[in-house]
Amino acid sequence: MDSFDLIRTFREVAALGSFSRAATKLDMSKATVSKYVAELETRFGVRLLNRSTRSVSLTDAGALLLERSKPVMEMVELTQAELQEHASRPTGRIRLSAPHGMGQGDLPKLLAQFMGYYPEVSISLHLSNRTVDMAEEAIDLSLRLGPIEDDNLIVRKLVLVKLVVCASPRYWKKHGKPVQPTDLAGHDALTHSRLGHHPLWRFEVEGKPVDIAVKSRMDATEAGPLIQVAMQGFGVLYVPALLVQSHIDHGELEPVLESFVRSDVWLSAAYLQRRHNSAALRALLDFLETRIGARAPAKKK
């Protein structure tokens, strides 16, 4: 049995001077209270209470335990209350990881709205395109693009991600716009380093997946440099629209092949445990699912 339960029971008997009164206050049987105190005495190897038919009094050892256990029990009770508050009311700090590009999209605004709704919640945002080890890096929630194959994670799909093939108007004017995905084989591609030296871009043609081998003019571990190079007219991008939408809106990049882009890439939220998550984490999950889901792109016809 838990040592804290034993000490708490002992303290009630000492405070009330009676096994019966302690049993009533703790909602336990008198026999259980007596058993708990006897177990504590056995563990310490010393008598803690003097017992008679009329009263209970502390031994010297009992008086020492009563004095020394007070700050410990106060700390345990305070911590227990704070933990219960974490479980029932959104409070505390959440460590959130997300791809770099989301830091330039709607995510910061969404997090600001969330903090407005929950003023006692703080957020640490870690932006990285690598796959983080959530346990090792103490990440509470990870937003990820594409499939998640880690069986240790609980995954909640948030929204299908719209992809876009795009380049600068200057590039299209010089090289011509592709009409079919296969036309991209003759273009300069700007690719993510994880695709390797022989990158493939997946599209959907008549409802079926088609992989197109492209020639990488430049690759990078982050999308940011590739976007800058594309705007200078040196290649074609195939990226989540949220990374380049502002540049498309300003005419710096122009999309093509919109009816062929793949429609099976999800933005998902991953976390480690299904049970005993904090109220803050549950609130953030629900908030993101509601708000990001509301921004879901229309399905292609």
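Quick note: the coordinates plus some simple rules give every number you see, no bench work behind them. Because the structure is a prediction, the values reported are computed rather than measured. For neighbour counting, all protein chains shown are included, and Cβ atoms are generated from backbone atoms with ideal geometry for every residue, glycine included.
Taking the Cα centre of the stretch 3-88 as the origin and placing charges on Cβ (Lys, Arg +1; Asp, Glu -1), which of 6, 55, 71 is farthest toward the positive end of the dipole?
55
What ranking of 53, 131 emerges when the number of other C-beta atoms within 10 Å of each C-beta is taken as an exposure proxy, fewest first? Working shown, then result.
Numbers: 53 4, 131 14.
Taking fewest neighbouring Cβ atoms as first place, the list is 53, 131.
Relative contact order for the stretch 163-256 using alpha-carbon pairs under 8 Å, separation at least 6, rounded to a whole percent?
Here the relative contact order equals 44 percent.
Tell me, what is the FRET efficiency for residue 42 and residue 74 to the nearest 0.05, using R0 = 30 angstrom and their Cβ-Cβ distance as r?
0.75
Starting from the amide H of residue 97, placed 1.01 Å from N in the peptide plane, find each other amide H under 5 Å away whose residue is 5 or more places distant or on another chain.
Here the answer is 126, 141, 142, 143, since their amide H atoms fall under 5 Å of that of residue 97.
Mind checking the dipole of the chain: about its Cα centre, +1 per Lys or Arg Cβ, -1 per Asp or Glu Cβ, Debye to the nearest 20?
Details: 39 positive and 35 negative charges, 103 e Å.
Value, rounded to 20: 500 debye.
With the cut-off at 15 Å, report for the stretch 24-65 the share of all Cα pairs above it, as a whole percent.
Numbers: 408 of 861 pairs.
Distances greater than 15 Å cover 47 percent of the Cα pairs.
Pick from 115, 134, 28: which residue has the top mean-square fluctuation in a GNM of the chain where Cα pairs under 10 Å get a spring?
28
For the stretch 163-256, would you read off the P(r) tail past 16 Å as a percentage of all alpha carbon pairs?
On the way: 2172 of 4371 pairs.
Beyond 16 Å sits 50 percent of the P(r) for the stretch 163-256.
For residue 54 and residue 211, compute 0.36 nm times the residue count separating them, minus their Cα-Cα distance, and round to one decimal in nm. Could you put the intermediate results ahead of the total?
On the way: separation 157, 0.36 × 157 = 56.52 nm, distance 8.74 nm.
Extra length available between residue 54 and residue 211 comes to 47.8 nm.
As a test of the definition: which semi-axes, in Å, follow for the stretch 213-258 when you take the square root of five times each eigenvalue of its alpha carbon gyration tensor? Largest first, please.
Each semi-axis is the square root of five times an eigenvalue, giving 17, 12, 11 Å.
Give me Rg/Rg_expected for the stretch 41-132, where Rg uses Cα atoms only and Rg_expected = 2.2 N^0.38 Å with N residues.
On the way: Rg = 25.0 Å, N = 92, 2.2 N^0.38 = 12.3 Å.
So the Cα radius of gyration is 2.04 times the expected 2.2 N^0.38 Å.
Hey, any idea what Rg/Rh is for the stretch 3-88, computing Rh the Kirkwood way over Cα pairs?
Values: Rg = 13.6 Å, Rh = 13.5 Å.
A ratio of 1.01.
For the chain, what does -39500 (n - 2.57) per DSSP helix run (n ≥ 4), summed and divided by total residues, give at 222 nm, in deg cm²/dmol to the nearest 500?
Values: 9 runs with 117 residues, N = 301.
Using -39500 (n - 2.57) per qualifying helix, the result is -12500 deg cm²/dmol.
Note down the Stokes-Einstein diffusion coefficient of the chain in µm²/s, whole number, using a Kirkwood radius over alpha carbon pairs, 25 °C, and 0.890 mPa s.
Numbers: Rh = 24.1 Å.
The diffusion coefficient I find is 102 µm²/s.
Using alpha carbons only, what's the Rg to Rh ratio of the stretch 98-204 with Rh from Kirkwood?
Numbers: Rg = 18.4 Å, Rh = 17.5 Å.
Taking Rg over the Kirkwood Rh, I get 1.05.
List the relative contact order of the stretch 18-171 as a percent without decimals, with contacts defined as Cα pairs under 8 Å and 6+ residues apart.
On the way: 111 pairs, mean separation 25.1, N = 154.
Contact order relative to length: 16 percent.
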